[in-house]
1. Against the condition at pLDDT 75 or above, assigned to a loop (DSSP other than H, G, I, E, B) and either open to solvent by 30 Å² or more (accessible area, probe 1.4 Å) or under 15 Å from Pro21 (Cα atoms) (or both), how does His108 come out, does it pass?
2. Which of the residues spanning segment 74-89 are surrounded by fewer than 17 Cβ atoms within 10 Å (Cβ to Cβ) and part of a helix (DSSP H, G or I)?
3. Give me the pairs, please: first residue somewhere in segment 3-15 and of a type in the set (A, V, I, L, M, F, W, C), second residue anywhere and in a loop (DSSP other than H, G, I, E, B) and surrounded by 10 or more Cβ atoms within 10 Å (Cβ to Cβ), beta-carbon distance under 9 Å, and either six or more positions apart or on two chains.
4. Within segment 17-25, does at least one residue satisfy the condition of being part of a strand (DSSP E or B), of a type outside the set (A, V, I, L, M, F, W, C) and buried (at least 16 other Cβ atoms within 10 Å of the Cβ)?
Amino acid sequence: FEAYKNDPEFERVDAFFCSLPTANCELYMPFNRSLIVYVSSNLEAGRHDDAVDWRRPYINLRTGSRWRDWVRNLQRIADNPMNTVAANSLFEVSYVEHHTGVKLSLIHI
C-alpha cells in the first residue's frame, strides 16, 4: 500500500478486479476504491497455497487465522455497497455462502 498510495496511476483507478486468488483483494482494501471479487474456484486459494513460492513463508501456525481474516474481510467487502462479489457457478455461490454467509451474484463470463 505504502509504495502505491501516492502513485499517479493508482490514483486514477476506479475499481480493482480480483479473481484467482480472490484473497488478493485484501491488498486493495486500503485504497478505498470499489472492489469486484469474482470467485471462479477455490475461495481458499492464497491461504493454503504452498505451490506459490512467495506464499510459503506465510503458511505456518497462523494459516488458520489467515483464513478467518479472509472470511471477515470478504464479509466486509460484501457489506460495502460500492463493491460487488460474484461467482461463475452455482456451486461457488453455494460454497461461498455456506462458508462465509456472503450472498453472491451469479455471473457467467
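The values are calculated or read from the model by the stated rules, or taken from the named source; none is laboratory data. From a predicted model like this one, the values you see are computed outputs, not experimental measurements. Here Cβ is always computed from backbone atoms with ideal geometry, including for glycine, and neighbour counts include all displayed protein chains. These accessible areas exclude ligands, DNA and RNA; they are computed on the full protein's heavy atoms, side chains included. Shrake-Rupley method; radii C 1.70, N 1.55, O 1.52, S 1.80 Å.
1. Details: at pLDDT 75 or above: yes; assigned to a loop (DSSP other than H, G, I, E, B): yes; either open to solvent by 30 Å² or more (accessible area, probe 1.4 Å) or under 15 Å from Pro21 (Cα atoms) (or both): yes.
Criteria met by His108.
2. Across segment 74-89, the qualifying residues are Gln75, Arg76, Asp79.
3. From segment 3-15, the pairs are Phe10/Tyr4; Phe10/Arg33; Val13/Arg33; Ala15/Arg33; Ala15/Met82; Ala15/Asn83.
4. Step one: filter segment 17-25 for residues part of a strand (DSSP E or B), giving 17-18.
Among the residues that remain, those that are also of a type outside the set (A, V, I, L, M, F, W, C) are: none.
No, segment 17-25 contains no residue that is part of a strand (DSSP E or B), of a type outside the set (A, V, I, L, M, F, W, C) and buried (at least 16 other Cβ atoms within 10 Å of the Cβ).
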